[in-house]
2 protein chains.
Amino acid sequence: MALIVQKYGGTSVADTERIERVADRVTERRRQGDDVVVVLSAMAGETNRLIALAQEILPHPPARELDVLLATGEQVTVSLFAMAAEKRGFKAVSFLGHQVPIRTDAAHGRARIQEIPTQALRSALEAGAIPVVAGFQGVTAAGDITTLGRGGSDTTAVAVAVALGADLCEIYTDVEGVYTTDPGICPQARKIARISYEEMMEMASLGAKVLEIRSVEFAMRYGMPIHVRSSFNDHPGTLVVREDESMEQVLVSGVTYSRNEARITVTKVPDQPGIAARIFTPISEANIVVDMIIQNTRAGDLTDMTFTVPRTDYDQAMEIVRRVADEIGAESVAGDPGIAKVSIVGVGMRSHSGVASRMFDTLARHGINILMISTSEIKISCVIDEKYTELAVRALHEHFGLDAAPAGAAPGT
Amino acid sequence: MALIVQKYGGTSVADTERIERVADRVTERRRQGDDVVVVLSAMAGETNRLIALAQEILPHPPARELDVLLATGEQVTVSLFAMAAEKRGFKAVSFLGHQVPIRTDAAHGRARIQEIPTQALRSALEAGAIPVVAGFQGVTAAGDITTLGRGGSDTTAVAVAVALGADLCEIYTDVEGVYTTDPGICPQARKIARISYEEMMEMASLGAKVLEIRSVEFAMRYGMPIHVRSSFNDHPGTLVVREDESMEQVLVSGVTYSRNEARITVTKVPDQPGIAARIFTPISEANIVVDMIIQNTRAGDLTDMTFTVPRTDYDQAMEIVRRVADEIGAESVAGDPGIAKVSIVGVGMRSHSGVASRMFDTLARHGINILMISTSEIKISCVIDEKYTELAVRALHEHFGLDAAPAGAAPGT
């Protein structure tokens, strides 16, 4: 008999009909002998509806009160689910964030989980009930309601699984798992059977929005296996686990892309210590996150500085950079909001050389100019002209053998 | 500087636009120097929407989980109100039932308030904030969410006012106060300026649905004055206070009626001890509330038993009574779902005789036959044929001088 934490996302609980289907699934698992703890999101669209309501009053509502408002979304689904379980002859008990309790810091809207005492959940399990935990929400030491930020229910599920020492955390969503790339732009995309936490984090942060990245970090730290799968069928999904030898056989596990990028270049910057800080401090003070940074030294103590920012922050960043460029005596500032970032991810890169040059060569053969490059241990990213995004993704997907062989078994050549 | 508890009902907070108007009103009162604690209901229609959602799953959802679901209604309005106060430059802090805390027993769906510690509310007031309390909800000793039943927000408001030792509890609603009768059927109905708790309870329980009866009981026990008024204008409403001498000058304060009645008669019942229990025990076991009961003794140890039940329970009650009548050897059972109850209410009746006969005489002069009569210290009720309801109400309203003179000053003749 295993203890399983099952998390269902917003599309899986979008209405009472779907909540009943989830209850079928959960109670079926209970009948098979496993203990189940359920974690639920708000109904799809509900969080956005509540935010819109708040913004009818204030564009930037006070964070404490916004959390009180948003927490109602999961409160509705957990109580409805408990009713659906009861209808099927099972006892279920809903737990709000403050009832578990999910103890967090006081950073409203992006709170971090600090501690999850498990006594109440264990009592419910021992009494034969199905605990149904409201995802996304927590409570501060002072008793204020907090929320964990977008996708926070994934983190709730993993954290509850870790706290209870569960055998597995299942994340049910509206896709069948993690794919080698976006099937929307590459029909040859395949579901990945097993993927390491590290790869999953790179995939998630680069745009494959299946699992919230903090939940993967959390699972990695405690070695909690996550099974990402569809709530609409019984197909096995993607198992996110510790890296093992078979994974290293695969050179590239996935190809990701992001169109939410813009590039800014400052040319002929006097190359002195502290110049980078002069440029990037005011940008970070404006809460703009800089992703890639490249510095090219020219002759005569001059340097060019190129970096990327989220496209939504492009105008504001350009304004800041133009001002700073004047102050530090740079020659000019150029910007380009029409770029994309394409990346390949795979733990196999650690033990195989030549992956980067194969990526560059593949792009070149398709006539795609590389504007910027950044590399890490298990990923290589290239910034390219946005119009080549689909072409680049498809070319890389094919070149690294992702089109053909079954996932988890394909050699990288 | 006074401390005022202001409660706003569902129609007063039906959307963000109306919540902003309520915030105008509350912050204006704060500017005048008073301390204000706000108690809010759910948006009009929201509680019914949530119940319908639950009933899509189960016709009789488990009470604990229904309370979790329903409590979201007030959670939405208190957070939105706090945002609206902030927009006006005031600090406001929302309090859910478990945050105040409003401690109740564990009778889900109809919980009773046991205790309201005021430390958290006082801290907020001392910090210059406007506490915004979610009405209708509480929390058990075990930390479960409870609700107080329909109209429970009135009770929350009065209980919070009593706990804080407030100077006044204002109940804002969509009517301007308590009327001498239903203006919908009697255009001469007038707003009552002052009314005693006792009269208010008789008016409320008899059909003038302005204040929840438990809140009036609560206010009476602790002598908390209630001002019932409209949230849509600044007119003074009705003050519900301890009985005073001026009230006794008024013979009849109001005329009420109820069409939700049905009458059942069991004829020629053997008149033995225990017969009444044989009839009424199975009815009460079916959760049917019997209102008026009249017993007429006939010759030969036989008696007739007539009583009223809510019209919605009429069919079920008839079925039960027919079965019992057979068992106890009664001659026959007759029923009439087409009746109404008309009542006059007034503390002045205590010190004035002849009020009942004037009521009977008034009805007789209008050709209205009285089917049943019941009297208490401050009210007289007559059951009549339903078709005479409007006629009876108007005739009594006129006869007892309610049509003409200003409320609170009219002698009863």
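With a Förster radius of 51 Å applied to the beta-carbon distance between B:LEU58 and B:GLN249, the computed FRET efficiency rounds to 0.40. For A:ALA92, nonlocal amide neighbours, meaning residues 5 or more places apart or on other chains whose placed amide H falls under 5 Å from its own, are A:GLU86, A:ILE130.
Mean partner shielding of peptide B:66-77, defined as the number of other chain Cβ atoms within 10 Å of each residue Cβ, is 5. Between copies, the label points at A:ILE370 (set 7 angstrom from Cα along Cα-to-Cβ) are spaced 10.1 nm, reported in nanometres from shortest to longest. Residues in region B:145-152 carry Karplus couplings, in order, of 7, 10, 10, 9, x, 3, x, x Hz; the curve used is 6.51 cos²θ - 1.76 cosθ + 1.60 with θ = phi - 60°, and Gly or Pro positions show x.
Eigenvalues of the alpha-carbon gyration tensor of region A:241-324, scaled by 5 and square-rooted, set the equivalent ellipsoid semi-axes at 32, 18, 12 angstrom, largest first.
Put simply, chains B and A cover up around 3100 Å² of each other's accessible surface, both sides summed, when a 1.4 Å probe is used. Computed extension length for A:GLN119-A:ASP24: 31.5 nm, one decimal, from 0.36 nm per residue of separation with the Cα-Cα distance subtracted.
Normalised by the residues of region A:3-174, what does the relative contact order come to in percent, with Cα pairs under 8 Å and at least six apart?
Relative contact order comes out at 30 percent.
Summed over qualifying helices (DSSP H, 4 residues or more, each -39500 (n - 2.57)) and divided by its residue number, the protein assembly as shown shows a 222 nm mean residue ellipticity of -11000 deg cm²/dmol. Per-peptide packing, taken as the mean over residues of other Cβ atoms within 10 Å, places A:193-199, B:56-62, B:292-298 in the sequence A:193-199, B:56-62, B:292-298 from highest down. The angle between the Cα long axis of helix B:213-222 and the main principal axis of chain B comes to about 70°, on a 0 to 90 degree scale.
Rg/Rh, computed from the Cα trace of chain B with Rh as the Kirkwood radius, has the value 1.02.
Which angle between 0 and 90 degrees, to the nearest 10, do you get for helix B:46-57 versus the longest principal axis of chain B when only C-alpha atoms count? The angle comes out near 70 degrees. Note on region B:85-100 and region A:1-68: Cα centroid distance 26 Å, given to the nearest whole angstrom. Only Lys, Arg, Asp and Glu carry charge here, each on its Cβ (+1 for the first two, -1 for the last two); on that basis region B:255-399 has a dipole of about 460 debye about its Cα centre. Quick check: convex hull of the Cα atoms in the protein assembly as shown, volume per residue, rounded to a whole Å³? Per-residue hull volume (Cα only) is 205 Å³.
Inter-chain neighbour count for B:47-60: the average number of beta-carbon atoms from partner chains within 10 Å of each residue's beta-carbon is 4. If you restrict to DSSP beta bridges whose two residues both lie in the protein assembly as shown, what percentage is antiparallel, to the nearest 5? Around 60 percent antiparallel, to the nearest 5. Gyration tensor analysis over the Cα atoms of region A:1-96 returns equivalent ellipsoid semi-axes of 30, 12, 10 Å (largest first, whole Å). Relative to the longest principal axis of the Cα atoms of chain A, the long axis of helix A:63-87 lies at roughly 40 degrees. Shape analysis of region B:83-215 yields a ratio of the Cα radius of gyration to the Kirkwood radius, Rg/Rh, of 1.03. Calculate the all-directions average of the projected area of region B:255-399's alpha-carbon convex hull, and give it in nm². Average projection, Cα convex hull of region B:255-399: 9.4 nm².
Estimated at 0.36 nm per residue, the fully extended path between B:ILE51 and B:HIS352 surpasses their Cα-Cα distance by 103.6 nm.
Solvent-accessible area of B:ARG311, all protein chains in place: 70 Å² (probe radius 1.4 Å, heavy atoms, ligands and nucleic acids excluded). Spatially close Lys pairs in chain A, defined by Cα atoms under 29 Å apart and a spacing of eight or more places or different chains, total 17. Computed extension gain for A:GLN188 through A:ILE373, at 0.36 nm per residue and net of the alpha carbon distance, reaches 64.0 nm. Averaging Cα coordinates gives a centre for region B:260-306 and one for region A:132-160; these two points are 57 Å apart. Scanning residues 5 or more positions from A:ILE171 or on other chains, those with amide H under 5 Å from its amide H are A:LYS7, A:HIS227, A:VAL228, A:ARG229, with H placed 1.01 Å from N in the peptide plane.
The values are calculated or read from the model by the stated rules, or taken from the named source; none is laboratory data. Owing to the predicted nature of the structure, the values given are computational and were not obtained by experimental measurement. Positions of Cβ are generated from backbone atoms using ideal geometry, with glycine treated the same way; all protein chains shown enter the neighbour counts. With ligands, DNA and RNA removed, areas are computed over all heavy atoms of the protein, side chains included. Shrake-Rupley method; radii C 1.70, N 1.55, O 1.52, S 1.80 Å.
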